[in-house]
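Step one of this worksheet: look at the structure below.
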């Protein structure tokens, strides 16, 4: 997984009823874009250091658009 500042980390809930988390990558300490990343979460406005797991993905290229439910 590679990311850069401005990308989004999306972490899918892995339990029934657990919501998806979305956060903007605000710092990438490694020049090659490898984890960990400093991420500002939309649900809490907190910034944390993230080591993404298998339930996470990177949305490249700026603004993330949350999918709408149908």
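Observations on the model:
- Sequence-distant contacts, meaning Cα pairs under 8 Å at least 6 residues apart, place the relative contact order of the chain at 36 percent.
- Taking 0.36 nm per residue of separation and subtracting the Cα-Cα distance, full extension of the segment from residue 59 to residue 16 would add 13.1 nm.
- Oblate is the label for region 8-59, because a/c, from the alpha-carbon gyration tensor with a ≥ b ≥ c as root eigenvalues, is 1.5 or above and a/b does not exceed b/c.
Values quoted throughout were computed directly from the atomic coordinates according to the rules given, and no laboratory measurement underlies them. Note that the structure is predicted; figures quoted are calculated from it, not measured.
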